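Just below is one structure, and these are the notes that go with it.
The values are calculated or read from the model by the stated rules, or taken from the named source; none is laboratory data. Here the structure is a predicted model, which means the values were calculated and not measured. Here Cβ is always computed from backbone atoms with ideal geometry, including for glycine, and neighbour counts include all displayed protein chains.
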Amino acid sequence: MISNEEYKKTLKQFHKLSDRHILAAETDMSSSDIQKVVKLSDRIRKAGNELVGLMRKNYDQLMRTKRYRKLLKLYGSTEDKKKRKHFAGQLNEMQKQYDVTWDFCRTSMIYIGKKYNVDAVFALAKAEDIWRGMEKCLYGNGNILHFSKYGDLPCIRAKQMNRGIPIFVKDNKLQFKLGRTVFGIKINDRFQTDEVNAVLDYLAEPEIVNNKAVQTLKDESYCIDTYRPCYATLVPKLIRGKYRVYLHLTIEGRAKPKYDRFGNPRHKYGRGMIGADIGTQTVAYTSDTEVGLKNLSERGRSIQKSERLERLYYRAMDRSRRATNPQNYNEDGTIKKGRKTWRYSNHYKKLKEKHSELCRINAINRQLAINEDANYLRSLGDVFITEPRNAGKLMKRAKETTVNSKGKINKKKRFGKSIKNRCPSGFQAAVEEKFKTTGGTYIEVPNDYRASQYDHTADDYIKKKLSDRMYHLADGTLVQRDWYSSFLLYCYDYRTKNIDRDRCISEFEECYSKEEVLIKRIETNRIKVLNSGIKIV
């Protein structure tokens, strides 16, 4: 038998180590209750904006000081641990002096929350989100905190099960409370039913499940799935002109497996290696069973039409805005500096509603396509090998002005629109999470791997232009560049963490024949694969 103090300590450790997942379901609130939730969300937005303004002001004053900027440079340039620790202490002291601390952020939000009549638990959750953004500015690659614009509806979250949005059971159903409003959730499929039943089983006998969790962690050093409800979050959304409120319930443990209507597992998990080259708009992969080359975040061919329509709406909005506010623009079309007042016509408002709805639909389709592709790749193998993410670097504009061979200035724009529409980093993150949570292995090769430059027939690195999508190897074989990079990632050597040339030679013929069949299928079916170099007649 363990003592009460040791039991509490082990249970607390279990809560920290265990997995968590989120169950999303629509609430059964009435229209009047939904309006109350929307108003509360808007008050949280206003309170958050006031705190953002306060933290931005303090942060700007801190960054104006020469001493702080000099300490940042010294901290980044030195490698001595003692000196770095000394500089870090001085940086922390200056942050306290200029009130750029979590303690100041938290205490300031107490008064701001009371001003806007926001519950202390919701205000604290919003302060945590703002401080997380401030930490990116202080210690990461963040530049500035952003305000939430009118119309944005932040989530209503209380990170405690018994405060803010308490959970209880009534008539063997989960019930939630927000103020005086009591509501439940709509269960639409088998997965949601299994999740809710697991939560109800925990709430029926929480002490027995907690005792089992503590004993398992102590004896066998692993965490069981308790399905303890941690906290609830309300997410209001504007869908087709009407507000709807969804509840995100954070649950302890891994999610229940999903089944189809016949009772078979919906997702299958394969075994073997997968090499994948993730570009800005496409993904090429090579596995033990098949090879592939497809566009990212695409479900059918309608997504390209939707993306174009999204741009057309935005351009129409810009024309309308310019026509109704000519005083805010210079003769060359640029926006004037300084404070301005804007007027919007009814035509502009209708266009904005259509644009917002289309953006919402495209975002959902994008996420569904990413999940489908991640599940399909997991069905091909259990070891995923790819290159490190670099989408953030590719989005940045070039700093230096360069001139091409014709004497014209090269464009400084990079891959911002492609990355926004195709979400390569989001896809890579989804694949990483999928493989790690299902018992697979996710590997990112080192930066000196250079899969896009190696030629296994010449055993040498040959630099190529970015425009060379189809090229000949040293022995004359014509290959598609993205697929060949995925093949070289497929031939990864665990010991040297480099390309295994012997495996490249032994596996190339079989994989190359599959690539030829793939390209022929793309050409026959007239599938447009972006930036692939495959011409469709």
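Figures for the structure shown
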quantity	calculated
In region 163-179, residue nearest to the chain's Cα centre (by Cα) [restricted to those that are exposed (fewer than 15 other Cβ atoms within 10 Å of the Cβ) and closer than 15 Å to Y231 by Cα]	R163
Filtered residues of region 19-48 (kept if without any contact (Cβ under 8 Å) to a residue 60 or more places away in the chain and either within 26 Å of K173 (Cα to Cα) or polar (S, T, N, Q) (or both))	S30, S31, S32
Qualifying residue in region 18-38 (condition: touching a Pro at 6+ places or on another chain (Cβ under 7 Å) and over 22 Å from E252 (Cβ atoms))	yes
Any hit, region 381-392, residues being out of contact with any Gly (no Cβ under 9 Å at 6 or more places or on another chain), under 25 Å from D19 (Cα atoms) and in a helix (DSSP H, G or I)	no
Count - residues of region 407-419 that are assigned to a loop (DSSP other than H, G, I, E, B) and either under 22 Å from the mean Cα position of the chain (by Cα) or not assigned by TED's automatic domain parsing to the domain that holds Y484 (or both)	2
Entirely in region 420-537, the strands (runs of 3 or more DSSP E) that have 1 or more residues that are among the aromatic types (F, W, Y)	441-444, 470-472
Qualifying residue in region 153-162 (condition: over 26 Å from the mean Cα position of the chain (by Cα), surrounded by 17 or more Cβ atoms within 10 Å (Cβ to Cβ) and not in a helix (DSSP H, G or I))	no
Residue in region 1-52 that is nearest to V118 (Cα to Cα), counting only those that are part of a loop (DSSP other than H, G, I, E, B) and touching a strand residue (DSSP E or B) at 6+ places or on another chain (Cβ under 7 Å)	M29
Among the candidates N404, N371, residue that is more than 22 Å from the chain's Cα centre (by Cα) and within 30 Å of Y484 (Cβ to Cβ)	N404
Residues being in contact (Cβ under 8 Å) with a residue 40 or more places away in the chain and surrounded by fewer than 21 Cβ atoms within 10 Å (Cβ to Cβ) - total across region 230-260	19
Of the criteria (1) surrounded by 12 or more Cβ atoms within 10 Å (Cβ to Cβ); (2) closer than 26 Å to L238 by Cα; (3) in the same structural domain as G89 (by TED's automatic domain parsing), which one V182 fails	(3)
Output for region 448-472, where each listed residue is farther than 17 Å from Y512 by Cβ and of a type in the set (F, W, Y)	Y449, Y461
Sole residue being basic (K, R), assigned to a loop (DSSP other than H, G, I, E, B) and under 31 Å from the mean Cα position of the chain (by Cα), chosen from R339, R311, R299	R299
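A quick yes/no check of all residues on (1) surrounded by 18 or more Cβ atoms within 10 Å (Cβ to Cβ); (2) farther than 15 Å from Q428 by Cα; (3) touching a Lys or Arg at 6+ places or on another chain (Cβ under 9 Å):
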residue	(1), (2), (3)
E372	no, no, yes
S379	no, yes, yes
I385	yes, no, no
R389	no, no, no
A398	no, yes, yes
T401	no, yes, yes
G407	no, yes, no
